[in-house]
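S.K.: Got a structure here, written out as structure tokens. Questions coming.
Nothing in this text is a laboratory measurement; each read-out follows from the coordinates by a stated rule. The model shown is predicted, which means the values in this text are computed figures rather than measured ones. Cβ placement follows ideal geometry from the backbone for every residue including glycine, while neighbour counts extend to all protein chains displayed.
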Amino acid sequence: MESCEICARLPSASTDHGPESHRTLRPFNVKRSDPPQLNQSALPPEMWAEIFKGLSGCHLLRVRLVCHRWKDIVDSSSALLAKYYVFFLCDIHDEPNDLPPATNAHFEKVDIAAVGSWWPSFCQRLVELELTRCEINVSVLLDMLKQIPNLKCLALSWELCDTKPLVDCPVAVDFTLNKLEKLRLEDVKSAEIFKVFQQLCCTLKSLNITWCCNRDVHHSVEIAKFVNGLQNTLTELTINDIDEVLIEVIKFDRLRLKKLTLSELQPTSQIPGLIVQLCRLHPSLEHLDVLDNQFWFNKTQLNEMSQLLSNLKFLSYCLGSKPEQVDLTFLSNMPKLEILSLDGRTINNKSVLPDCRPNLKELHLEEIFFQDNSFQMCLEKMPNIQAIHIEACSMDSWAHFLKVLGTLKHLRELKLHNMCPKETTSCYFDDLTALKSLILFSCKMSQDLLATLLSRCPSLHKLHMTLVKDALNDDVRRVICWKLPRLIELRVTMYIKVEGVERASRTDIRVVFDSLEQLRSA
């Protein structure tokens, strides 16, 4: 069938470039023996379902082809079906055949002129539906949605460059999506769509709206009306570039938000004050993301917010471009904070993190300059940290940083992006015994230090290296091939310059190694 393909659901961890690799890698020195014979009929279906939960979506699709019994076991389990989704990539001219049952479907750039006869039977198990940049009238969309009884998550996005108005938008809708909990509308261009979803959605818990361009007060009013009708159920709200909506949301006395994400707001002087007012009205907030903005709170506002939001678990914040405006002492007043994301926006921020609570689990930092060993001193006070993502931050040397990492016994994930400390030589540090995922992108370190770092990660399951000098060095390859017995996912991406070859835009070739066999023979 030309119009769709079956895709495995990828893990949540992000990668550097290209698709994820899911090949199982085994040490070469392990002798393999024939597996013991097992009578599959001796195991009940429930036990097989538990066994299959450890497989990826790709493997489950193969399991369905083994026998009718295994096919029935997979098809009857919603948890197993959620591991893959049906992906429609181009226009559907013929009736799709042999589609497996699925709980997730995604249409991308598909011209949907009408609902096919195959849709009612296929969509009965759907829980999530996503339409990305598809050509579809609202009446056809409603026909599709009307036949999905268990839909919980719906995502719609439009072409950024598409300026055509929304057509065929009915005034009245004769059904509701009673089980829909999450709605994401991206690059919205017409406020008319909100009138439709006001009638469709009565019990939304999560609403994500990103406006594309050419908005006016009328658009903000329609969004505010939409949010107003969801006051009794809505707990998560994401909006962008619509300051007027904030003014209206403050008036909703029944709204009880737990998650608030604001992006691309106009850098006006009133915005920080409006957000502080929202914090007063919603002390139950557990997630606050104001990273993607160009306004800054003063010290008084930050202190008030930290005292109001005693239940906050996630905070994402832009520090600003003026060093004198940076004051992070307010973080000490957030006892339940688990995930902290800070963006310096400039290399000139001379910031020192205050003493953080020991329950901080994830730290994301971008473009922050740390004087001397201030960052290492901060890490020493985060004994339970599990994930560290650092991008384009400045520090003096790898030695102090890696020595502190060796003391973090719960660190499971480390991602370093554009890191170029002044001192790059090798040093001694303890094993990162709990580290399972390591992603390096354009990091400057000596080949001895790189080999040492990898050898200190005995439990590593996932390794991605992109634009890392000496990643193909013999010592480094030897460590990867022989000293990482638990490695499952490997991706090494290099760009090799080509001399004497005329190319229009670049003079290098992208080379990717995604298996030990490829790396060993490179």
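S.K.: Between the alpha-carbon centers of segment 67-114 and segment 481-496, tell me the distance in whole angstrom.
M.R.: If you average the Cα positions of each part, the centres end up 33 Å apart.
S.K.: While we're looking at this one, here's another question. Cβ neighbours within 10 Å, averaged per peptide: list 443-451, 294-302 in order, most packed at the top. Numbers along the way, then the final one.
M.R.: On the way: 443-451: 19.7, 294-302: 15.8.
Ranking, from highest mean packing down: 443-451, 294-302.
S.K.: Next question, about the same structure. Looking only at segment 96-120, which residues have a backbone nitrogen under 16 Å from a spot 7 Å from the Cα of K71 in the C-beta direction?
M.R.: Those under the cut-off are 97-102.
S.K.: Please state the Cα pair-distance histogram of segment 422-465 with 10 angstrom bins from zero: what percent is in each bin?
M.R.: P(r) for segment 422-465, in whole percents per bin: 27, 55, 17.
S.K.: Can you tally the net charge around P100? Count Lys and Arg as +1, Asp and Glu as -1, for every other residue whose Cβ sits under 11 Å from the Cβ of P100. Each step should come with its number before you reach the end.
M.R.: Values: positive: R64, K71, R125; negative: D75, D98.
Cβ neighbours under 11 Å give a net charge of +1.
S.K.: Let me ask you something else. Could you go through segment 432-440 in sequence order and give the Karplus-derived ³J(HN,Hα) for each residue, using 6.51 cos²θ - 1.76 cosθ + 1.60 with θ = phi - 60°, rounded to whole Hz, and x for Gly and Pro?
M.R.: 8, 5, 9, 5, 10, 10, 10, 10, 10
S.K.: Follow-up. Taking square-rooted eigenvalues a ≥ b ≥ c of the alpha carbon gyration tensor, is segment 384-423 rounded, prolate or oblate, where a/c under 1.5 means rounded and, failing that, a/b exceeding b/c means prolate? Please report the intermediate quantities before stating the final value.
M.R.: Details: a/c = 3.19, a/b = 1.44, b/c = 2.22.
Verdict is oblate for segment 384-423.
S.K.: Separate question: Given the convex hull over the Cα atoms of segment 359-436, what projected area results after averaging over all orientations, in nm²? If you can, show how the numbers build up before the last one.
M.R.: Values: hull surface 18.5 nm².
Averaged projected area of segment 359-436's Cα convex hull equals 4.6 nm².
S.K.: Net charge within 10 Å of C393 by Cβ-Cβ distance, Lys/Arg positive one each and Asp/Glu negative one each, not counting C393 itself? Don't skip to the end; give the middle numbers.
M.R.: Details: positive: none; negative: E366, E367, E391.
Neighbourhood net charge equals -3.
S.K.: Given all pairs of different Cα atoms, what value in angstroms does the Kirkwood hydrodynamic radius of segment 221-301 take? Walk me through the numbers before you get to the answer.
M.R.: Numbers: mean 1/r = 0.0778 Å⁻¹.
Over segment 221-301, the inverse of the mean reciprocal pair distance is 12.9 Å.
S.K.: Can you give me the distance in nm between label points at R280 and K381, each placed 7 Å from the Cα along the Cα-to-Cβ direction?
M.R.: About 3.0 nm, to one decimal.
S.K.: Please compare each pair in K109/K189; K409/K469; K83/K415 to a cut-off of 20 Å on the Cα-Cα distance and tell me which ones are over it. Could you put the intermediate results ahead of the total?
M.R.: Values: K109/K189 17 Å; K409/K469 28 Å; K83/K415 25 Å.
Check vs 20 Å cut-off fails for K409/K469; K83/K415.
S.K.: By count of other Cβ within 10 Å, fewest leading, how are Y84, Y495 ordered?
M.R.: In increasing order of surrounding Cβ atoms, one gets Y495, Y84.
S.K.: With a sphere of radius 14 Å drawn around the Cβ of A49, what net charge do the other residues whose Cβ falls strictly inside it have (Lys, Arg +1; Asp, Glu -1)? Please list the in-between numbers first.
M.R.: Numbers: positive: K53, R64, R69, K71, K83; negative: E46, E50, D72, D75.
So the surrounding residues net to +1.
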